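Notes to accompany the following structure.
Throughout, read-outs are computed from the coordinates displayed, never taken from laboratory work. Nothing here was measured: the structure is a model prediction, and the numbers come from that model. Ideal geometry is used to build each Cβ from the backbone, glycine not excepted, and the neighbour counts take in all protein chains shown.
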Amino acid sequence: MPSNNLELLDKFRKVNNLEVIESQSDIKRLSKDFYNYSPILTEKLNGCIADLVVRPGDHNAVKKVAEICWQFGIPLTLRGSGTGNYGQAVPLFKGVVMQMSRFNNLEDFDRDTGFVKVQSGCLMGDLNKKLEKYGRELRLLPSTWKTATIGGFIAGGSGGIGSVRWGFLRDPGNLLGLEAVTINKKPELLKFDAEESEPLNHAYGTNGIITSLLLATDIKRRWHSMVIDCIEFEKTIEILKTLTSSAIDLKLGAILEKEIVDQMPIWLKSKSGSHKILIQSTLGGIKTIELICKKFNVEFTLLGEEEKLVNGISEVVWNHTTLHMRSRDKNWTYLQMLLPLNNEFELINFLRKKWGKKVLWHLEAVSQQGSPRLAALPVLKWNGAEELNEIIEDCQKLGAFIFNPHVLTVEGGGLGVVDADQVKAKLKFDPKGLLNPGKLEGWLIKEQFNI
Ligand SMILES: Cc1cc2nc3c(=O)[nH]c(=O)nc-3n(C[C@H](O)[C@H](O)[C@H](O)COP(=O)(O)OP(=O)(O)OC[C@H]3O[C@@H](n4cnc5c(N)ncnc54)[C@H](O)[C@@H]3O)c2cc1C
């Protein structure tokens with residue numbers, strides 16, 4: 001959209017219940033996310049800035065924005081809180097960024113099923129507080145849950161705290177339905193059931209403007225945080241696997257290599273050079289965890305109820321581990337992978353021998369198709385794309401499945417293949433290809449955006 005096109009700007013200004021943000025510094029800020037964790041993406045995305053940012057307050061305003069963008073062929077990129085790591089919310093071809101933060105109501109709660117219907121711009125921290133009065137909580141949370149939106153998590157995230165029990169967002173049973181606005185001549189608000197929602201789940205907002213979501217929730221529990229200190233890294237894996245296959249409730253299970261622990265906030269400092277296992281379980285699980293620690297002859301510390309802790313472990317896990325490493329040294333970046341089943345330590349050992357302390361290990365317990373599995377988010381010292389690719393190849397050769405955080409597309413950061421259903425949904429709900437262009441490999445970008 002040409003910035004001097006006053007006629008167009010005027011059209012947006014005239015939309016009822018639409019905030020139009022025109023300050024250049026705000027537009028710049030709201031065109032960015034946390035892609036700077038990747039030096040590769042930083043180079044590609046630093047110049048990508050929207051022409052305009054808008055914030056709709058109701059469905060009519062959303063439809064009107066979609067209609068104007070359709071009429072003038074302007075790219076439209078959706079934004080929750082902009083905490084994504086792969087430039088998901090960055091407008092590659094300029095145009096309009098639409099921030100959904102004013103869509104923040106809990107619309108319905110079903111006491112029989114525990115399903116919640118919530119607007120897409122609701123912050124997950126706020127949503128959890130609202131759910132508390134029904135005795136429920138979100139099953140899955142990214143470590144950015146305080147500031148990130150539920151719509152951004154579904155459209156751009158994958159899993160996190162809770163994945164040890166509930167797997168990933170795209171696993172059947174987590175998302176039960178959604179409502180989304182199309183972008184065509186006459187934009188419509190459509191309702192999707194669980195099956196119809198699948199192509200919009202984790203599609204980076206390329207095939208529909210999600211206005212609300214129907215999600216399964218869990219019974220609210222008082223999660224207790226604990227730390228296990230262990231000198232041998234291989235043993236940390238054995239202990240975590242024992243815990244994830246025991247009859248206890250877990251919300252979180254992570255391993256941090258001692259060199260990572262040393263860079264974490266002071267309260268988590270390593271006891272005489274030990275690696276740490278971080279666990280969240282219920283009061284009822286503590287005795288069993290203590291017993292398992294006794295059998296492995298390792299030290300166990302109960303920190304207390306997570307919600308009451310000044311320093312909770314929720315903020316040193318998942319990609320918050322990388323955040324803390326980067327706050328010490330911006331040359332740290334990271335990778336994401338599922339480790340090979342039962343060969344986790346072989347892979348880690350090989351990489352340790354070859355790459356030494358250039359690759360430090362951070363593991364997360366997850367459930368994959370119902371079975372316990374270990375994921376890893378190792379932090380890496382940046383030494384160029386060639387070295388990064390060699391590390392990725394080493395991991396792949398040894399059986400890891402990589403979710404590459406240094407690429408821009410849905411497919412590149414996910415399963416690596418085009419999902420025909422996502423493309424079909426785009427054809428139906430965004431036939432001109434205006435939603436977040438450049439992020440879906442299965443959709444060819446025409447010359448329409450002049451790039
Ligand atoms: C320190 C750190 C830790 C993190 N930890 C995790 C983690 O544990 N797990 C995890 O999965 N992610 C994690 N992330 C990534 C990110 O924080 C989460 O995925 C978060 O849920 C994204 O929400 P958001 O509101 O910031 O979305 P945004 O970044 O604003 O958007 C994400 C994507 O969703 C699209 N989108 C947003 N709203 C809509 C809508 N209404 N309709 C359609 N599309 C929409 C955007 O276009 C974009 O493609 C982390 C990031 C950081 C920086």
Note down the magnitude of the dipole of segment 106-220 about its Cα centre, charges +1 on Lys and Arg C-beta and -1 on Asp and Glu C-beta and zero elsewhere, to the nearest 20 debye.
360 debye
Of the candidates S25, L440, G121, the farthest towards the positive dipole end of the chain (Lys/Arg Cβ +1, Asp/Glu Cβ -1, centred on the Cα centre) is S25
Charge tally for neighbours of L131 with beta carbon under 11 Å away, counting Lys, Arg as +1 and Asp, Glu as -1, is +2
Pairs K44/K251; K133/K287; K44/K276: which exceed 32 Å Cα-Cα?
K44/K251; K44/K276
Over the Cα atoms of segment 224-316, Rg to Rh with Kirkwood Rh, two decimal places?
0.93
What is the dipole size for the chain, taken about its Cα centre, with +1 at each Lys and Arg Cβ and -1 at each Asp and Glu Cβ, in debye to the nearest 20?
660 debye
Cα radius of gyration and Dmax for segment 224-402 (Å):
15.7, 48
Computed over the chain, Kirkwood Rh from alpha-carbon pairs, angstrom
22.7 Å
Rh_Kirkwood(segment 6-99) over Cα pairs, Å, one decimal, evaluates to 13.5 Å
Relative contact order for segment 3-143 using alpha-carbon pairs under 8 Å, separation at least 6, rounded to a whole percent?
22 percent
How are the alpha carbon pair distances in segment 302-451 distributed across 10 Å bins from zero to the largest one, expressed in percent?
10, 29, 29, 23, 8, 1
Per Stokes-Einstein, at 20 °C and 1.002 mPa s, what whole-number D in µm² s⁻¹ belongs to segment 106-220, with the Kirkwood radius over Cα pairs as the hydrodynamic radius?
153 µm²/s
Amide H neighbours of T77 under 5 Å, at least 5 residues apart or on other chains, H built in the peptide plane: list them.
V96, V97, M98, N436
By the C-alpha gyration tensor axes a ≥ b ≥ c (rounded if a/c is under 1.5, else prolate when a/b exceeds b/c, else oblate), the shape of segment 47-116 is oblate
Let me check I've understood the local charge: for I74, count other residues with C-beta under 12 angstrom from its C-beta, Lys and Arg +1, Asp and Glu -1. What total comes out?
+1
